[in-house]
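First comes the structure, then the notes that go with it.
The values are calculated or read from the model by the stated rules, or taken from the named source; none is laboratory data. Please read these numbers as outputs of a predicted model, since none were measured by experiment. In this analysis, Cβ positions are derived from the backbone assuming ideal geometry, glycine residues included, and neighbour counts consider all displayed protein chains.
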Amino acid sequence: MRHDPGKLPEILDECEQALVEINCNLFVQSGRLVRIYPAKEGLIFGVSRPRGAITLHPVDGAHLVELLTKAAIHQRFDARAEEYKPCDCPRRVADAFLARGNWPHLNQLAGFIEAPTITPDGRVIEQPGHDEDTELFAAFEHNVRSTSPKPMPSRTDAEKAKLVLMELVDDFPVVGEEDTSAMLAGIITSLVRRILPAAPMMAITAPTPGTGKTLVAETFAIIATGRRASVLSLGHDESEAEKRMGGVLMAGDSCILLDNVERPLKGDLLCQVCTQQFVRLRPLGASGMVSIPTHALLVATGNNLSIVGDLKRRVVLIRMDAKTERPEQRTFPRDHLKTVFERRGELIRAALEIPLAYIAAGSPAIAGLHPLGGFELWDKMVRRPLVWLGMADPLKAAEALRQQDPDLETMRMLFESWRAVFPSGQATAAEVVAASLDGMMNGTVKTNPDLYDALQMVCAEKINSRRLAGWLRTHRDRIIDGMKLEQCGMDGHAKIARWKIVKCG
């Protein structure tokens with residue numbers, strides 16, 4: 001490759017072809033060049049990764065000089081000797097190559113997998129290297145490949161696979177059948193998460209430390225990657241937590257563990273990671289934003305884990321209770337994690353044969369099971385196969401979590417007391433406030449105590465029409481227990497919104 005003046009476009013084309021020919025583990029993701037190789041062990045920027053953890057690393061100009069120098073013989077004309085002489089790839093060439101932002105001959109990378117996985121049509125991805133259809137890079141070892149599932153398993157095969165996975169659950173004091181199903185859902189999700197555009201977070205809770213919450217999360221990670229999970233420390237600052245989360249997403253970690261969460265779990269980025277296929281993030285030191293895949297399995301653990309806001313409908317809840325004061329003092333007949341490591345291949349095969357059997361059976365409809373909005377493919381590949389095998393709905397425990405949502409309880413109280421005070425259902429915010437305070441001005445007992453209590457929860461510090469009006473606008477068209485909040489025009493010359501609670505459904 002001769003670096004002559006005026007030949008830069010041709011040189012850049014030759015550079016790309018040279019990189020393709022040497023198969024240099026270089027990929028394109030979201031308009032940036034990345035490589036796959038092990039991350040440093042230990043705690044870095046609030047993230048602790050185990051030895052050998054594979055991550056994505058962006059390629060900079062200095063590193064690209066090295067790669068291009070390996071990929072081709074570079075020459076520069078020596079005017080004094082009047083001949084071409086060998087040289088390293090010039091840094092300006094590497095920088096120009098990076099600045100292109102488009103490398104059509106390099107493989108696009110959606111992410112990497114460290115165990116076989118399956119596509120929605122039932123194809124098993126089991127060969128190492130880059131899979132063109134899914135743009136996934138399979139980075140697993142031969143002993144894992146040899147445990148690939150049957151391509152068309154029967155229902156009987158799936159029943160046997162279910163029993164294999166349930167042996168793991170026997171090591172944990174789960175509360176109910178739905179929690180057993182939720183744990184199996186976590187195992188399957190860990191293997192198919194890279195295929196799914198969206199998937200709920202696994203939330204593991206128990207009333208007492210030492211129950212085994214982290215052990216469950218590590219089980220998911222070991223099956224999916226062959227290692228323990230990358231642990232993300234949220235800390236107490238929401239902004240810092242989102243920066244750390246953005247960092248692990250750009251690094252491409254397969255399983256992200258939020259361990260021993262002590263504060264209420266919430267946040268826009270957590271919600272986006274669960275429900276959106278990509279999020280817009282700014283790489284460290286860069287001025288522009290890039291679109292990063294979100295296909296990492298999120299797992300959170302905590303004692304009486306508190307999940308608030310919109311995140312409640314984005315979780316699969318796994319409840320455990322050892323029913324003892326010191327659960328960490330229990331004894332077990334085997335080392336759970338050692339068992340998972342030793343039987344990893346068998347567990348991978350069992351976990352994948354369950355959705356494969358469901359797909360092979362034609363993905364039959366299940367009466368009374370409504371899809372989880374925003375998670376349709378997860379519903380098809382994880383939740384429905386388990387229910388098809390006679391297991392409880394893995395979302396059942398999370399539904400109880402939703403019913404305990406204080407926001408929903410506030411809404412329910414206001415809607416019910418509103419309809420009791422205003423039979424027509426219609427009122428302005430000011431009229432509702434006045435009705436709640438009726439009887440207080442002259443020192444008598446409150447006429448509408450339930451409405452007053454509801455408005456105290458809505459308005460927090462002080463009941464007034466401005467706060468209530470803002471709350472009503474935020475919750476317009478919300479439905480709970482068959483009651484819907486609607487705006488029904490404006491009130492006279494004052495142009496004040498009128499609201500009503502109507503029965504629906």
Quiz prompt | Residues located in the range 92-129, provided they are free of Cβ contacts under 8 Å to residues at least 60 places away in the same chain and buried (at least 17 other Cβ atoms within 10 Å of the Cβ) | solution = Ala94, Ile125, Glu126
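Answer with yes or no whether Leu12 is at pLDDT 85 or above and over 36 Å from the mean Cα position of the chain (by Cα).
Answer is yes for this residue.
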Practice problem: Report those helices (runs of 4 or more DSSP H) wholly inside the range 382-426 carrying at least 1 residues which are modelled with pLDDT under 90. | Solution: 396-403, 406-421
Quiz item: Is it true that some residue in the range 353-363 is crowded, with 16+ Cβ neighbours inside 10 Å, under 23 Å from His295 (Cα atoms), touching a residue at least 12 places away in the same chain (Cβ under 8 Å) and under 21 Å from the mean Cα position of the chain (by Cα)?
Solution: yes
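The rows are residues; the columns are (1) out of contact with any strand residue (DSSP E or B) (no Cβ under 7 Å at 6 or more places or on another chain); (2) surrounded by 18 or more Cβ atoms within 10 Å (Cβ to Cβ).
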position	(1), (2)
Glu10	yes, no
Asp13	yes, no
Val34	no, yes
Tyr37	no, no
Ile54	no, yes
Arg80	yes, no
Pro90	yes, no
Quiz item: Quick one: is Gly101 in contact with a helix residue (DSSP H, G or I) (Cβ under 9 Å, 6 or more places away or on another chain) and not assigned by TED's automatic domain parsing to the domain that holds Asp253?
Solution: no
Exercise. Find the residue count for the range 343-362, including only residues that are at pLDDT 95 or above and in a loop (DSSP other than H, G, I, E, B).
Key: 2
Quiz prompt | Residue pairs meeting the criteria (Cβ under 9 Å; at least 6 apart or on separate chains; first closer than 15 Å to Gly101 by Cα, in the range 16-36; second in a strand (DSSP E or B) and hydroxyl-bearing (Ser, Thr, Tyr)) | solution = Ser30/Ser291; Gly31/Ser291
Quiz prompt | Which numbered condition Phe112 misses (of (1) within 22 Å of His295 (Cα to Cα); (2) out of contact with any Lys or Arg (no Cβ under 9 Å at 6 or more places or on another chain); (3) outside any loop (DSSP other than H, G, I, E, B)) | solution = (2)
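The rows are residues; the columns are (1) within 23 Å of Phe172 (Cβ to Cβ); (2) crowded, with 19+ Cβ neighbours inside 10 Å; (3) β-branched (Val, Ile, Thr).
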residue: Ile292; (1), (2), (3): no, yes, yes
residue: Pro327; (1), (2), (3): yes, no, no
residue: Phe332; (1), (2), (3): yes, no, no
residue: Phe341; (1), (2), (3): yes, no, no
residue: Gly373; (1), (2), (3): no, no, no
Practice problem: Have a look at Ile292, Ile318 and point out the one that is closer than 25 Å to Pro58 by Cβ, touching a residue at least 60 places away in the same chain (Cβ under 8 Å) and in contact with a strand residue (DSSP E or B) (Cβ under 8 Å, 6 or more places away or on another chain). | Solution: Ile292
Exercise. Could you please let me know if Val47 is among the β-branched types (Val, Ile, Thr) and without any contact (Cβ under 8 Å) to a residue 60 or more places away in the chain?
Key: no
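Quick grid of which residues meet (1) assigned to a strand (DSSP E or B); (2) over 26 Å from the mean Cα position of the chain (by Cα):
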position: Ala62; (1), (2): no, yes
position: Gln75; (1), (2): yes, yes
position: His105; (1), (2): no, yes
position: Pro153; (1), (2): no, yes
position: Thr156; (1), (2): no, yes
position: Lys162; (1), (2): no, no
